[in-house]
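Inspection log for the structure reproduced underneath, given as structure tokens.
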Amino acid sequence: MNELEKLTELFTQFPGIGPRQARRFVFFLLRQNAGYRSTLVHAISDVAEHAQQCTHCLRYARLHAQKPLCNLCADSSRTEEELMLVEKDTDIDQMEKSGAYSGKYFVLGGTLSLTGKKGFIREQELVKRLEGASELSEIILALSATTDGEYTSDYLTTKLSEGKDIKISTLGRGLSTGSELEYADATTLKQALKNRV
Ligand SMILES: [Zn+2]
């Protein structure tokens, strides 16, 4: 395998990228100047060196200097009473942009699946996270308004209400059916959070 084939092969491992798009990426890089390529190489190695998984919310971020926590989990001005469950790291960024939420987060890492796809959520990690959450009074399920998202919300609602006196809510209407959280705008998210049921 030569250099071009090797790089193409690496790009095909990206989510949603096939061999043709991977080749287009390689040729795009070849056409850029050396400065761009070197910036990209450094950005990739910086991420590899500095971004780690937060032990509380499990998203990837630059962690606090003294604790194995991201800036949101280490922020004591955010309430421990609310925990929002999201599918992926980028959903947190989206919710933060809306400025409507000031509790803590947990990244499930995916959804369960009704549609035959391979489903996955970090269920054991969630159970562990909840064991240490003594101040928690509400869990907010902020999953996509898709079949799999709703199926996962139902599953978690049943699972999490077993023997616990915690309010479990889901984001309200406003998120259109079929939409993923990461594509929702700030106003919609704010509204959905306010109208949670
Ligand atoms: Zn965190």
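The values are calculated or read from the model by the stated rules, or taken from the named source; none is laboratory data. All values reported here derive from a predicted model rather than from experimental measurement. Every residue, glycine among them, receives a Cβ derived from its backbone with ideal geometry; neighbour counts consider all protein chains shown.
Results, tabulated for the structure shown:
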| read-out | value |
| --- | --- |
| Filter result for the condition that a residue is in a helix (DSSP H, G or I), within 30 Å of residue 126 (Cβ to Cβ), under 19 Å from the mean Cα position of the chain (by Cα) and not acidic (Asp, Glu), over 48, 61 | 48 |
| Odd one out for residue 119, checked against (1) within 13 Å of residue 156 (Cβ to Cβ); (2) free of Cβ contacts under 8 Å to residues at least 40 places away in the same chain; (3) in contact with a Phe, Trp or Tyr (Cβ under 6 Å, 6 or more places away or on another chain) | (3) |
| One residue from 72, 40 being among the hydrophobic types (A, V, I, L, M, F, W, C), touching a strand residue (DSSP E or B) at 6+ places or on another chain (Cβ under 7 Å) and not in a loop (DSSP other than H, G, I, E, B) | 72 |
| Number of the condition not met by residue 54 [criteria: (1) modelled with pLDDT under 95; (2) within 13 Å of the ligand (Cβ to nearest atom)] | (1) |
| Selection from segment 90-129 of residues that are basic (Lys, Arg) and within 20 Å of residue 55 (Cα to Cα) | 104, 122, 128, 129 |
| Single condition residue 73 does not satisfy, out of (1) more than 13 Å from the ligand (Cβ to nearest atom); (2) over 23 Å from residue 4 (Cα atoms) | (1) |
| The one condition in (1) outside any loop (DSSP other than H, G, I, E, B); (2) surrounded by 12 or more Cβ atoms within 10 Å (Cβ to Cβ); (3) touching a strand residue (DSSP E or B) at 6+ places or on another chain (Cβ under 9 Å); (4) not hydroxyl-bearing (Ser, Thr, Tyr) that residue 29 fails to fulfil | (3) |
| Any hit, segment 157-170, residues being over 19 Å from residue 58 (Cα atoms), more than 16 Å from the ligand (Cβ to nearest atom), in contact (Cβ under 8 Å) with a residue 60 or more places away in the chain and assigned to a loop (DSSP other than H, G, I, E, B) | no |
